[in-house]
1. Filtering the range 375-405 down to residues that are polar (S, T, N, Q) and part of a helix (DSSP H, G or I), which residue is surrounded by the most Cβ atoms within 10 Å (Cβ to Cβ)?
2. Please identify the pairs in which a residue from the range 419-436 that is touching a residue at least 24 places away in the same chain (Cβ under 8 Å) has its Cβ atom under 8 Å from the Cβ atom of a residue that is part of a helix (DSSP H, G or I) and basic (Lys, Arg), counting only partners at least 6 apart or on another chain.
3. Taking the range 114-159, which residues are within 16 Å of the ligand (Cβ to nearest atom) and among the charged types (D, E, K, R)?
4. What is the residue count in the range 85-108 for residues that are farther than 18 Å from residue 345 by Cα and in contact (Cβ under 8 Å) with a residue 40 or more places away in the chain?
5. Here is a check on your reading of the model: is residue 110 more than 16 Å from the ligand (Cβ to nearest atom) and under 14 Å from residue 399 (Cα atoms)?
6. With the condition kept exactly as written, say whether any residue in the range 307-315 is touching a helix residue (DSSP H, G or I) at 6+ places or on another chain (Cβ under 9 Å) and among the β-branched types (Val, Ile, Thr).
7. Filter the range 265-302 down to the residues that are under 21 Å from residue 215 (Cα atoms) and not in a helix (DSSP H, G or I) and list them by number.
8. Quick one: is residue 410 surrounded by fewer than 19 Cβ atoms within 10 Å (Cβ to Cβ) and closer than 20 Å to residue 151 by Cα?
Amino acid sequence: MQRLSHHHLKCCRQDVASYVSTSATAYITMLRRCIIRFNVVIASITPAMPERRFACASALAEVRPGVPVSREDALQFIRCTDEDLPELLAAAHAAKEQFKLSVITYSRKVFLPLTNLCRDYCGYCTFRRDPGDPGTHTMTPDEVLAVCREGERLGCSEALFSLGDKPELLFPEMRETLRHLGYKSTLHYLEAMCELVLRETSLLPHPNPGLLSAEWVARLAAVSPSMGLMLETTNAALLAPGAAHDNAPDKLPAKRLRTIEEAGKQNVPFTTGLLIGIGESAEDRIDTLLAIRDLHERYGHIQEVIVQNFRAKQSIPMANWPEPTHGEMLRSVAVARLLLPNVNIQAPPNLSAPYYDDLVDAGINDWGGISPLTPDFINPEKPWPHVEQLRLRTEAKGFALRQRLPVYREFIPAVTAKPGLLSEKLGAAATTDGLARRAA
Ligand code: SF4
């Protein structure tokens, strides 16, 4: 890793001295930050013996810039040893640079939890509420506008709508709230709020409403330049009793794939991704990425793949579930980059804090949405880093930080091609090179 400084190498030698009297596993557990440093120095002072050759070295040697790797190779990479990890990261980093040179982007956003009622009960979710629970809330139009106006003032360009999936199907209280607001369903209300934000502010809506029919993909695409749905996993066994998606009918992978496919048929720029550490295997992670790749090869509409790591919290059914290690996260990001070398890969920095800048080594080209105003309502105990801190750490890795819109620049022409309010607002928000005009 040529990018290591003299200071790092000095640090590594000290680390290795301590390594001598301990085991590799214990070392990594104690000093996760040093996974990369550890391997670099060990490789340089302990020439690899033939029997210690890296298990995936020959596959890595075959990686070609811009060419997606095979399932078989991806499986080797995701199970690579700590000794192989620096080589894997170097390959992923090179693939990222081939895709988008020297820049890491982020979206400056406000987070709008339109309603936290949800008919699903995912084992890792802190966001959802039942009626009557403390903190239950459905935002009013005035609240939506007030947050967006404050976001405008702070240079935001994205209004991210996150909400539970069709709560009115389960809760009469939500039906009553919607009736009071004047809408037939949560999706009708969401559509109206996207349209309100588009009409009244300079922010661009990006809704994340759960499963969508063909009709609803079309309706929301008329009022937002992009939208999202995490595939999370293709492992349907996680809907079994006691598993992460027990009592979460909207998490059936086939249903989620259908929504993503429908967006593809309608040429809607789409964000999706995988959630690691919820009971899936390493093989499942590869198959989830391959399912996304397959849809992207058919429709070309996947604008971004998020690699999100499960974090345990006291208030969730999976409170005692082990979190994926930092090494697992780096491997997953690197493999996502190599399977999808020409797709934007994002990982949220707040979920890998304080060592989130290691994700740059693994091949991300985007930090996702960062809010200067609203907390991460999905992971409220993990605040986003301050944008200035993010900039400094990105620059320290040798990259420029740039503010993008919720829709990535390569997908903007597909949206602006259709005349109307959305096209006008997007045109006004974008610079000539497709980034955010309000860059702060
Ligand atoms: S993760 Fe989404 S679908 Fe699952 S319970 Fe939470 S809000 Fe509902």
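The values are calculated or read from the model by the stated rules, or taken from the named source; none is laboratory data. These numbers were taken from a predicted model, which means no experiment stands behind them. Positions of Cβ are generated from backbone atoms using ideal geometry, with glycine treated the same way; all protein chains shown enter the neighbour counts.
1. Step by step, filter the range 375-405, then rank; the result is 394.
2. Close Cβ pairs (under 8 Å, with a partner that is part of a helix (DSSP H, G or I) and basic (Lys, Arg)) amount to 421/199; 430/409; 433/409; 434/409; 435/409.
3. Correct list: 119, 120, 128, 129, 130, 133.
4. 2
5. No.
6. yes
7. Those that are under 21 Å from residue 215 (Cα atoms) and not in a helix (DSSP H, G or I): 266, 267, 268, 269, 270, 271, 272, 300, 301, 302.
8. no
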